[in-house]
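Engineer: The structure under discussion is supplied below as structure tokens; questions concerning it will follow.
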Amino acid sequence: MNDRRPVVLVMGTTVDEPPPGIERIATAVELRYAPDRASLEDQIPAADVVYTWWGDPADLEAVWPLAARLRWVQAVNVGIERVLFPALVESDIPLTNARGAAEGPIAETVVGFLVAMAKDFRRMFDDQRDHRWDPFETERLAGTRMLVVGPGPIGRTIARAARDGLGMRVEAIGRAARAPDGEFERIRGGDELTAALAEADHVVNAMPLTAETRGRFDVAAFAAMRPTARFVNVGRGATVDETALIEALREDRIAGAALDVFADEPLPDDSPLWDMANVIVCPHMSGDVVGWEADFANVFYENVERWLRGEPLRNVVDKRSGFPAG
């Protein structure tokens, strides 16, 4: 009788600093840790499951030929573009992500961005600093039109918050057009992006980074937007042509932007975005609330329990497209 416990290998940390709450699975599996590439190379031959945690996906790619027993890889984040190296994509090994952990916090941040821009909080804060009493009119969000580009779980949660909390009208651009549902008044296909941008007061980018989405917001996309429209990016930095965005902002071809992600992170010191009065710079923290690491880890622990019971894994990624499977 084989009573061997499955080996779960956690990348990027040590037994002294494990992911929070890992004791939830500690008696059901054998936990091992690989804080660096050398230890990963030593441990990977025995691993049944790899949890990337805060390890470098390039290390996993380097030792991939040694992963003789591997049956599943769990990415720490929702975004998985760095984990999609060719050998994993071509393999039969499933890849899952942390979908479900960050949608609520990200939606709250987007609502904050929208309110801050519509109510011109920057001007309020500047006036407060200068002890200046100067009342001014602000914009109403209720009834305005939001376009969510990327109607996945994050995009849908943003839509719900904007619709129910702010009274906004919300449409979406997906990979293909489909019938409207409880979150969106309309879901158009990608071939209708230009037309949809021209009708929106607020554009929220919630796309993952794939070959299909890289550079999707380019010169033409920003040219299609209204001069009064504002752009929010909580997707991936490389889905945006940052030079095109900067020029659109400088020339007042769009009214403003709130950005959580950037082409290069940290945002370089010489980026014009830092000093633009119509831009909010957020250091890739829209989902980082108190306890967020535990929220991400709990998605993995639930999947481990499902896997041990022989149930289908949740959050399986279509490795070729980079989008959720199914």
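Engineer: With +1 on each Lys and Arg Cβ and -1 on each Asp and Glu Cβ, and nothing else charged, work out how big the dipole of region 199-239 is about its Cα centre, in Debye to the nearest 20.
Structural biologist: Charge dipole of region 199-239: 120 debye, to the nearest 20.
Engineer: Taking only DSSP H segments of four or more residues, each worth -39500 (n - 2.57), what value at 222 nm results for the chain once the sum is divided by all its residues, to the nearest 500 deg cm²/dmol?
Structural biologist: When only DSSP H runs of four or more count, the value is -8000 deg cm²/dmol.
Engineer: What is the extension gain from N278 to R37, computed as 0.36 nm multiplied by their sequence separation minus the C-alpha to C-alpha distance, in nm to one decimal?
Structural biologist: Roughly 82.5 nm would be gained on extension.
Engineer: For R236, enumerate residues with amide H under 5 Å from its amide H, sequence gap 5+ or separate chain, H modeled in the peptide plane.
Structural biologist: M207
Engineer: Return the sequence-ordered ³J(HN,Hα) values of region 97-111 in whole Hz as given by the Karplus equation 6.51 cos²θ - 1.76 cosθ + 1.60 applied to θ = phi - 60°, using x for Gly and Pro.
Structural biologist: 10, 9, 3, x, 8, 10, 4, x, x, 5, 4, 4, 5, 4, 4
Engineer: Using amide H atoms built 1.01 Å from N in the peptide plane, name the residues 5+ places from A258, or on other chains, whose amide H lies under 5 Å from its own.
Structural biologist: F231, V232, N233, I280
Engineer: What list of ³J(HN,Hα) values in whole Hz, one per residue of region 126-135 in order, does the Karplus curve 6.51 cos²θ - 1.76 cosθ + 1.60 (θ = phi - 60°) give from phi, with Gly and Pro shown as x?
Structural biologist: Ordered by residue, 3J(HN,Hα) equals 5, 5, 4, 4, 8, 6, 10, 9, 9, x Hz.
Engineer: I would also like to ask the following. Tell me which of A179, G237, A255 sits at the most positive position along the dipole axis of region 103-281, charges placed on C-beta atoms (Lys, Arg +1; Asp, Glu -1).
Structural biologist: A179
Engineer: Under 1.5 on a/c is rounded, so check that first for region 182-302, then, if it is not, pick prolate when a/b is larger than b/c and oblate when it is not; a ≥ b ≥ c are the square roots of the alpha carbon gyration tensor eigenvalues.
Structural biologist: oblate
Engineer: Only Lys, Arg, Asp and Glu count, each charged at its Cβ (+1, +1, -1, -1), so figure out the dipole size of the chain about its Cα centre, rounded to 20 debye. Please report the intermediate quantities before stating the final value.
Structural biologist: On the way: 36 positive and 53 negative charges, 228 e Å.
With Lys and Arg at +1 and Asp and Glu at -1, about 1100 debye.
Engineer: For Cα pairs less than 8 Å apart in space and 6+ apart in sequence, what is the mean separation divided by the residue count of region 62-126, i.e. the relative contact order in percent? Provide the component values of the computation, followed by the final result.
Structural biologist: Numbers: 30 pairs, mean separation 20.3, N = 65.
After rounding, I find 31 percent.
Engineer: Mean separation of Cα pairs under 8 Å and 6+ residues apart, divided by the residue count of the chain: what relative contact order is that in percent?
Structural biologist: 16 percent
Engineer: Can you order the peptides 194-200, 240-246 by their average number of other Cβ atoms within 10 Å per residue, highest first?
Structural biologist: On the way: 194-200: 16.7, 240-246: 19.7.
My ranking of the peptides, most packed first, is 240-246, 194-200.
Engineer: Along region 162-175, what does the Karplus equation 6.51 cos²θ - 1.76 cosθ + 1.60 (θ = phi - 60°) give for ³J(HN,Hα), rounded to whole Hz, x for Gly and Pro?
Structural biologist: Couplings: 5, 6, 7, x, 10, x, 8, 9, 10, 10, 9, 10, x, 5 Hz.
Engineer: Only bridges whose two residues both fall in the chain count here: according to DSSP, what percent of them are antiparallel, nearest 5? Each step should come with its number before you reach the end.
Structural biologist: On the way: 3 of 39 bridges.
The antiparallel proportion sits near 10 percent.
Engineer: What distance in nm separates the simple spin-label points at R175 and A223, each placed 7 Å from Cα in the Cβ direction?
Structural biologist: Each label point lies 7 Å from its Cα, and together they span 2.8 nm.
Engineer: Arranged from highest to lowest average of other beta-carbon atoms within 10 Å per residue, in what order do the peptides 105-113, 32-40 appear?
Structural biologist: Ranking the peptides 105-113, 32-40 by packing returns 105-113, 32-40.
Engineer: Taking amide H positions as placed 1.01 Å from N in the peptide plane, with prolines and chain starts having none, which residues 5 or more places from E30, or on another chain, fall under 5 Å of its amide H?
Structural biologist: Under 5 Å from the amide H of E30 lie the amide H atoms of V7, V8, each far enough along the sequence or on another chain.
Engineer: Positive end of the dipole of the chain, charges at C-beta (+1 Lys, Arg; -1 Asp, Glu), about the Cα centre: which of V111, M146, P227 has its Cα farthest in that direction?
Structural biologist: With unit charges placed on the Cβ atoms, the residue in question is M146.
Engineer: Return the FRET efficiency for the residue pair F85, T27: r is the Cβ-Cβ distance, R0 is 51 Å, and the value is rounded to the nearest 0.05.
Structural biologist: 0.95
Engineer: Sticking with this one: Just subtract the alpha-carbon distance of R71 and D288 from 0.36 nm times their residue separation and send over the number in nm, one decimal. Write out the running numbers ahead of the final one.
Structural biologist: Working: separation 217, 0.36 × 217 = 78.12 nm, distance 2.99 nm.
Contour length minus Cα-Cα distance gives 75.1 nm.
Engineer: How big is the charge dipole of region 103-281 about its Cα centre, in debye rounded to the nearest 20, if each Lys and Arg gets +1 on its Cβ and each Asp and Glu gets -1 on its Cβ?
Structural biologist: In debye, rounded to 20, region 103-281 gives about 640.
Engineer: Oh, and also: To make sure I understand, if each residue's beta carbon is the centre and we count other beta carbons within 10 Å, what order do S91, S271 fall in, fewest to most? Intermediate results must be reported in sequence, preceding the final value.
Structural biologist: Working: S91 14, S271 17.
Sorted ascending by nearby Cβ count, the order is S91, S271.
Values in this text are rule-based calculations from the coordinates and carry no lab data. For clarity, every value in this text was computed on a predicted model and none was experimentally measured. All Cβ positions, glycine included, derive from the backbone under ideal geometry; neighbour counts span all protein chains shown.
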